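Report on the following structure.
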Amino acid sequence: MATTLTTGRPWRVILAFAVPLLIGNIVQQLYQFADTIVVGRQLGVTSLAAVGATGSLLFLLLGFAWGLTSGFAIPTAQAFGARDAEAVRRSVASGVILTGACTVILTVGAPLIAGPGLELMQTPPELLPEATIFTQISFLGAGATMFFNYLAAIIRAIGDSRTPLVFLTIACLLNVALVVIMVGPLGWGVAGAALATVISQALSVLMCLEYVRRRMPELHVRRADWRVSRNDLADHLRLGLPMGFQASIIAIGTLTVQVALNRLGSDAVAAYTTASRVDALAVALLQSLGLAVSMYVAQNLGGRRPDRIRRGVVQAVWMAIVTSLVLGALLIAFGTHMVRVFIGEGSDEVVDLAHLMLIINGATYSALGVLFVLRGALQGLGEVLVPTVTGVIELVARVVAAIVLGSVIGFFGVALSNPLAWVGAIVLLVPAYLAAHRRLARMPVQPDFVTETTPIPVIGPTDGSMVVDAVITQSIPVVVQVPPKARRRLLSRR
C-alpha cells in the first residue's frame, strides 16, 4: 500500500520505513549464511574460498545494476511526493525500459568475461574452476536480480517498504531449501548454490509483478505512458548511472582487495569471506537507514518540505551513530563465536584472521553510519557529483591499503581498507551535506494549503477484477485552505 513520508515525526517515519528494509537485509544475509554454511561444511574450505573469490567480480557488475535501478526509483519517489500521478507512471515506464536494456547487455556480455576476469584477479588456480562456474551462473541470472531490485525500489519509492520484505523472505526460504538439496543430495556443488539463488530471485520478480497488478494502481503504466521522451530517459540515467558507477567504483576497490587476498593464500581468502558474511549483518542495518533516508528526502523534496528534510537527516545521523556504537561493541565481543558457525574444527588461523577484521570494522562503524545517511540524503535530493566523487575516494583508499599496507603488514593492512575508505568518503560528504542543509533552509516550505484525503464511494472494482456491484472506498485529494496561524500549528505537529 502506498504511503506518504511527508507527514509525521521525521525520525519515526524514517525508522518505520527502515525497519522492513533492515529485516529484508538480514533475511538476505541469512540465506547467504545458508549458502556459506552448506558450501563450507559440505564441500570444504576450498569451495568456500572459491565462492568468496567471486564476490568482488559479481559486485562489480551486479552492484552496478543495483545502484542503477535504485537511482531509477528516485524520480518516482519525487513525483509521488508531489502527488503527480502521470509523472509517477511515466517514471515507472522509463525505468522498465532502461532496466530491460541493461539486463540484455549484462546477461549476454558478463558470462563471457567471468573466467578471464577471475584469472586477471590472480585467483588461486585451485579455486578457479569452481569460481568460474559460480560466476557464470550468477551472471546468466542477472535479469532476475535487476528486475527484482527495480520492482522493489519503485514499491519502496511510493512508501511501501514492507511488501518487498515479504517477497524477499519467501524467496530466501526457497533459496535455503534449494541450496541444501542441490549441494547435498543432488551433488551439484557450487553450481547448485548459484542456481538456487537465481531461481529464488526469479520467483520474487513474479510475486512483485502480481502484487503491483493487484494492489498498486499508482504504478500501473498505461499505453500512453510508454511513449517516454528523451528527457525522461535522460533524467533517470542522470540519477541511475552515477549510483551504478559509484557501486562499480567501490567494487573496483574491492577487486584490488581480492587480488591482495589471493596473494596471501586460501586461508586469507576464506577468513575475509567469512568475516564479510558476519560483518554484512551489522552493515545491513546502517545501509537500510541510508536507503530509508534517500526515499524520505526524495518524497519530501517533491512535497516541498525542506524543513522536514533538515530535521529528518539530523535525527537519522544520531540514530546511525548510536546504532553503530552498539553494533561495533557486539561484533568485537562475540565475533569469534559467529565466525565459528561457518568454520569447522582445525581452522584456527582462519578464525583468528576473520576476528581481526571484525574488530577493525566494528571499531569504525560510526563513520560508515554517517556515510550511508549523508550519501542517501544527497541522492534523494538528486545530487550526483558528490556521491560519485566519494566513490572515487573510497576506491583510492582501498587500493592504497590493499597494495601498500597489504604488502607491508599482510592481512591486517588489507583489513584496514574498509575504515580508511569510509573515513575518506565522509571527509567530503559532511561539508557537502552541510552546504545542502543551508540551501534547504532558504527554500520556501509548502504554500498555505495542505492536502487531505476524503473517502468517497466508487462503484465497481479498482484493481481490474471482475467483481460486480462492489462498493469500494477510494481517496481523492482535496485542497483545503488553512489560515496562517492554524497552518503553523499543523506544521509544528508534523
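Residue-by-condition table, conditions (1) among the hydrophobic types (A, V, I, L, M, F, W, C); (2) over 25 Å from CYS102 (Cα atoms):
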| site | (1), (2) |
| --- | --- |
| GLY159 | no, yes |
| ALA171 | yes, no |
| VAL190 | yes, yes |
| ALA202 | yes, no |
| VAL221 | yes, no |
| ASP232 | no, no |
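So that you can scan it fast, the table gives a plain yes or no per residue for (1) under 28 Å from ALA53 (Cα atoms); (2) out of contact with any Leu (no Cβ under 9 Å at 6 or more places or on another chain):
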residue	(1), (2)
ILE97	no, no
ILE113	yes, no
ILE133	yes, yes
SER138	yes, no
THR145	yes, no
ILE155	no, no
PHE167	no, no
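Conditions tested, residue by residue: (1) in contact with an Asp or Glu (Cβ under 9 Å, 6 or more places away or on another chain); (2) within 30 Å of VAL88 (Cβ to Cβ); (3) in a helix (DSSP H, G or I); (4) modelled with pLDDT under 85.
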position	(1), (2), (3), (4)
VAL166	no, yes, yes, no
GLY187	no, no, no, yes
ILE199	no, no, yes, no
SER204	no, yes, yes, no
GLU210	no, yes, yes, no
Handout entry: Options ALA292, ALA234, ALA224, ALA280: the member that is crowded, with 20+ Cβ neighbours inside 10 Å and of a type in the set (A, V, I, L, M)
Key = ALA292
Practice task
Would you please list the contacts, defined by Cβ atoms under 6 Å and residues six or more apart or on different chains, that run from a residue in the range 171-192 that is over 20 Å from PHE148 (Cα atoms) to a residue that is outside any helix (DSSP H, G or I) and open to solvent by 10 Å² or more (accessible area, probe 1.4 Å)?
Solution key: MET182/TRP188
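Given the criterion under 30 Å from VAL314 (Cα atoms) and of a type in the set (Lys, Arg), identify the matching residue among ARG238, ARG227.
Working: ARG227 fails: under 30 Å from VAL314 (Cα atoms).
Exactly one of ARG238, ARG227 is under 30 Å from VAL314 (Cα atoms) and of a type in the set (Lys, Arg), namely ARG238.
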Problem - When residues of the range 396-438 are limited to those that are of a type in the set (Gly, Ala, Ser) and over 17 Å from THR364 (Cβ atoms), the one surrounded by the most Cβ atoms within 10 Å (Cβ to Cβ) - result: GLY406
Handout entry: Residue identified as more than 19 Å from LEU209 (Cβ to Cβ), crowded, with 19+ Cβ neighbours inside 10 Å and among the polar types (S, T, N, Q) among THR99, THR132
Key = THR132
Completion exercise
Over the range 8-27, the set of residues open to solvent by 50 Å² or more (accessible area, probe 1.4 Å) and modelled with pLDDT under 80 is ILE26
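Okay, residues lined up against (1) open to solvent by 10 Å² or more (accessible area, probe 1.4 Å); (2) of a type in the set (Phe, Trp, Tyr); (3) out of contact with any Asp or Glu (no Cβ under 6 Å at 6 or more places or on another chain); (4) modelled with pLDDT of 80 or more:
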{"site": "LEU61", "(1), (2), (3), (4)": "yes, no, yes, no"}
{"site": "THR69", "(1), (2), (3), (4)": "no, no, yes, yes"}
{"site": "ALA73", "(1), (2), (3), (4)": "no, no, yes, yes"}
{"site": "VAL104", "(1), (2), (3), (4)": "yes, no, yes, yes"}
Exercise for the section: Mind counting the residues in the range 243-277 that are open to solvent by 30 Å² or more (accessible area, probe 1.4 Å) and outside any helix (DSSP H, G or I)? Expected result: 0
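The values are calculated or read from the model by the stated rules, or taken from the named source; none is laboratory data. Only a predicted model underlies this, so the values are computations on that prediction, with no experimental measurement involved. So basically every Cβ, Gly included, is an ideal-geometry build from the backbone, and we count neighbours across all protein chains shown. The area values use the complete protein model at the heavy-atom level, side chains included, leaving out ligands, DNA and RNA. Shrake-Rupley method; radii C 1.70, N 1.55, O 1.52, S 1.80 Å.
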